[in-house]
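For reference, the structure discussed in these notes is given below.
The values are calculated or read from the model by the stated rules, or taken from the named source; none is laboratory data. Because the structure is predicted, anything quoted here is derived from the model rather than measured. When we count neighbours, we look across all protein chains shown, and the Cβ atoms used for this are built from the backbone with ideal geometry, even at glycine.
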Amino acid sequence: MKEDTLAKIRATTILAVRKDGKSVMAGDGQVSLGETIMKHKAKKVRFMYKEKVMVGFAGAAADAFNLFERLEGKLEKFNGKLNRAAVELAKDWRTDKILRRLEALLLAMDKDHTLIISGTGDIIEPDESVAAIGSGGPYALAAARALLAHSDLDAAAIAMEAMKITSSICLYTNEEIEVHELE
């Protein structure tokens, strides 16, 4: 990715955690424009395909909304199969002249899979039961891994605590945290 793309993507934290059959995704609410905080309570995690898939974004909001719509269309086309929908979205994203200019990352999960989807055609399914994107992603990932290994907290509590830790470290992550769970 171009360096200016990385700067735009460094503007949030989205975290996915799986534990004991529970799948949760958390996102902070901060929207930044350069060094200015523009909004505190943005909704960066969405449910899709009959509330069986959760998707969060990091990057340019308008680009992310475009990608949300396209992913939702792919999920409908492929009957909610997240892996197949992600592959088709990544192919379009990488090869389409207009789409390839979109600057965002998506973190998507269903009951079986957690995927990081990028505009370079990458679809990464982490080995662990946690994944994170955005500027605070590395902090949230480290905190969630530690909490998974050294606490009895459930998935939602791990996500919340990891996000709180992240908000105390990352300038682009605030404490307006929402945690969503797949039913």
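Values computed for the structure shown
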| quantity | calculated |
| --- | --- |
| Any hit, the range 90-103, residues being β-branched (V, I, T), out of contact with any Pro (no Cβ under 9 Å at 6 or more places or on another chain), over 18 Å from T12 (Cβ atoms) and surrounded by fewer than 21 Cβ atoms within 10 Å (Cβ to Cβ) | yes |
| Long-range neighbours under 6 Å by Cβ, at least six apart or interchain, first residue at negative phi and among the charged types (D, E, K, R) within the range 155-176, second at pLDDT below 95 and buried (at least 16 other Cβ atoms within 10 Å of the Cβ) | E176/G29 |
| Odd one out for E69, checked against (1) acidic (D, E); (2) in contact with a strand residue (DSSP E or B) (Cβ under 9 Å, 6 or more places away or on another chain); (3) closer than 21 Å to A42 by Cα; (4) without any contact (Cβ under 8 Å) to a residue 60 or more places away in the chain | (2) |
| E69 being in contact with a helix residue (DSSP H, G or I) (Cβ under 6 Å, 6 or more places away or on another chain), assigned to a helix (DSSP H, G or I), surrounded by fewer than 23 Cβ atoms within 10 Å (Cβ to Cβ) and charged (D, E, K, R) | no |
| Within the range 165-175, considering residues that are of a type outside the set (A, V, I, L, M, F, W, C) and surrounded by fewer than 17 Cβ atoms within 10 Å (Cβ to Cβ), the one farthest from G21 (Cα to Cα) | S168 |
| Filtered residue count, the range 126-183, keeping only those that are of a type in the set (D, E, K, R) and part of a helix (DSSP H, G or I) | 3 |
| Those residues of the range 44-59 which are buried (at least 18 other Cβ atoms within 10 Å of the Cβ) and part of a loop (DSSP other than H, G, I, E, B), in sequence order | K44, Y49 |
| Enumeration of residues in the range 1-43 that are modelled with pLDDT under 85, among the charged types (D, E, K, R) and either outside any loop (DSSP other than H, G, I, E, B) or under 17 Å from the mean Cα position of the chain (by Cα) (or both) | E3, D4, K8, R10 |
